[in-house]
Amino acid sequence: MAAFALSACSTDTPQSVLQPQGEFARKADALWDITFAIAIAVFVVVQGLLLYAIFRYRHKPGREAAQFHGNTRLEIAMTIIPALILLGLAVPTVATVFDLAAEPTGADVIHISVEGRQFWWRYDYTDLDIVTANELHIPTGQPIDLSIEGYDVNHSFWVPRLGGTQDVVPGRTSRLTLEADDPGTYLGQCKEFCGLSHSNMNLRVIAHDPGDFEQWVSDQQEPAAAPSDSLAAEGAELFVNGAADAQFAGGPSCASCHAIEGLDGAVGIIGPNLTHFAARNTFAGAIFQNNESNLRAWLANPPERKPGSQMPNLQLTTGQIDALVAYLQTLE
């Protein structure tokens, strides 16, 4: 019990809803503060009366227990007081719900279409012609309007320090607004059990100063550069056409599922868009750091590294992995 209680003293809480870092998260936190204060007041009063009754009217020789049934005034009071408390709490609750549900307006609003998939997030910046995955880049001080839909099963989009949670349901579009005060990386995750790698379906929101965000947008709008060395060029060829050897022959190529803008034939839409893959800090649902070691292990056997992964084990040889890694690391 002591360990459990002391865990609340931790200062390293990247997903704490009690440390809001944006306007919309603060609105929810303010409602929490009101609710918690009322709950404490009710708890103190009720427990105080209970303790008073326990000691003041405890059993004594000759004293008999009695009910207050029929005490009309007391029954009315015990009905009206809770009703007034709930009514008082309903006013800020309803106001906050409608406030958070309102669609943000203005020229500075950024609209992003979010799609939850097993087990990663797809982001389509509809006004900026950018498609990326898992790492959501936003400017500080601007409302971000998210239009969220499920692709396969139910998910739930949650970035605790920037906003509330939103269920992600196939066939239904929901909305959520985020905003970040300061630059930094804000962690989030899927909050609805969605399969074997539900716990591996992470996400990151990376907030930039407006100028840095404009540079990121400019970089993302550029097509992938053509590889300049022979090994990376071999990897690009392998990415689109697959390999002719027996281990790879007859199976899908990387381009069957993944798109890379600027690479002819790479137009897949099942997996994440990899146009600027090397510029991302993480991959595979934001669970692995984007480095050569992790990338090699992933390409060797994706389902082993991430249970339930929709990316199959293509039985790649060491040479094929060398070529693909060399190419993917050029995609900045």
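The values are calculated or read from the model by the stated rules, or taken from the named source; none is laboratory data. Source: prediction; values computed, not measured. All Cβ positions, even for glycine, are placed from backbone atoms using ideal geometry, and neighbour counts span all protein chains on display.
A few notes on this one:
- Only a single item in (1) of a type in the set (A, V, I, L, M, F, W, C); (2) over 25 Å from the mean Cα position of the chain (by Cα); (3) under 18 Å from VAL131 (Cβ atoms); (4) part of a loop (DSSP other than H, G, I, E, B) is not met by ALA226, and it is number (3).
- Residue check, GLY235 in the same structural domain as GLN315 (by TED's automatic domain parsing), modelled with pLDDT of 90 or more, of a type outside the set (D, E, K, R) and not in a loop (DSSP other than H, G, I, E, B): yes
- Any hit, the range 189-199, residues being in contact (Cβ under 8 Å) with a residue 24 or more places away in the chain and of a type in the set (Phe, Trp, Tyr): no
- The residue that is surrounded by the fewest Cβ atoms within 10 Å (Cβ to Cβ), counting only those in the range 148-161 that are among the aliphatic types (A, V, I, L, M) and not in a strand (DSSP E or B), is VAL153.
- Qualifying residue in the range 208-220 (condition: in a strand (DSSP E or B), in contact (Cβ under 8 Å) with a residue 12 or more places away in the chain, of a type outside the set (Ser, Thr, Tyr) and buried (at least 21 other Cβ atoms within 10 Å of the Cβ)): no
- Output for the range 120-141, where each listed residue is closer than 18 Å to ASP182 by Cα, of a type outside the set (Asp, Glu) and crowded, with 18+ Cβ neighbours inside 10 Å: LEU136, HIS137, ILE138, PRO139, THR140
- Matching entry among LEU328, LEU274, LEU316 (being within 20 Å of TYR151 (Cβ to Cβ), in contact (Cβ under 8 Å) with a residue 24 or more places away in the chain and touching a helix residue (DSSP H, G or I) at 6+ places or on another chain (Cβ under 8 Å)): LEU274
- Across the range 61-97, the number of residues qualifying as in a helix (DSSP H, G or I) and of a type in the set (D, E, K, R) comes to 2.
- Among residues that are under 27 Å from GLN189 (Cα atoms), in contact with a helix residue (DSSP H, G or I) (Cβ under 6 Å, 6 or more places away or on another chain) and surrounded by fewer than 17 Cβ atoms within 10 Å (Cβ to Cβ), ARG296 is included.
- Scanning the range 123-147 for residues that are in a strand (DSSP E or B) and either among the hydroxyl-bearing types (Ser, Thr, Tyr) or under 11 Å from the mean Cα position of the chain (by Cα) (or both) turns up TYR123, TYR125, THR132, GLU135, LEU136, SER147.
- Considered as a group, the residues in the range 94-113 that are of a type in the set (D, E, K, R) and over 20 Å from the mean Cα position of the chain (by Cα) include one that is surrounded by the fewest Cβ atoms within 10 Å (Cβ to Cβ), and that residue is ASP108.
- Hits in the range 257-313 (condition: assigned to a helix (DSSP H, G or I) and basic (Lys, Arg)): ARG296, ARG305
- Residue count, the range 1-60 (criterion: among the basic types (Lys, Arg), farther than 24 Å from LEU100 by Cα and outside any loop (DSSP other than H, G, I, E, B)): 1
- Filtered residues of the range 167-188 (kept if farther than 15 Å from GLY22 by Cα and either buried (at least 21 other Cβ atoms within 10 Å of the Cβ) or acidic (Asp, Glu) (or both)): ASP167, VAL168
- Scanning the range 172-183 for residues that are outside any loop (DSSP other than H, G, I, E, B) and either touching a Ser or Thr at 6+ places or on another chain (Cβ under 9 Å) or not assigned by TED's automatic domain parsing to the domain that holds TYR123 (or both) turns up SER174, ARG175, LEU176.
Quick grid of which residues meet (1) among the aliphatic types (A, V, I, L, M); (2) within 30 Å of PRO139 (Cα to Cα):
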{"residue": "PHE4", "(1), (2)": "no, no"}
{"residue": "SER7", "(1), (2)": "no, no"}
{"residue": "GLU23", "(1), (2)": "no, yes"}
{"residue": "LYS27", "(1), (2)": "no, yes"}
{"residue": "ALA37", "(1), (2)": "yes, no"}
{"residue": "ALA41", "(1), (2)": "yes, no"}
{"residue": "VAL44", "(1), (2)": "yes, no"}
{"residue": "ARG58", "(1), (2)": "no, no"}
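- Matching residues in the range 297-332 - criterion: being under 26 Å from the mean Cα position of the chain (by Cα) and charged (D, E, K, R): GLU304, ARG305, LYS306, GLU332
- Scan of the range 221-236 for residues that are more than 11 Å from HIS276 (Cα to Cα) and either touching a Ser or Thr at 6+ places or on another chain (Cβ under 8 Å) or in contact (Cβ under 8 Å) with a residue 60 or more places away in the chain (or both), ordered by number: PRO227, SER228, ASP229, LEU231, ALA232, ALA233, GLU234, GLY235, ALA236
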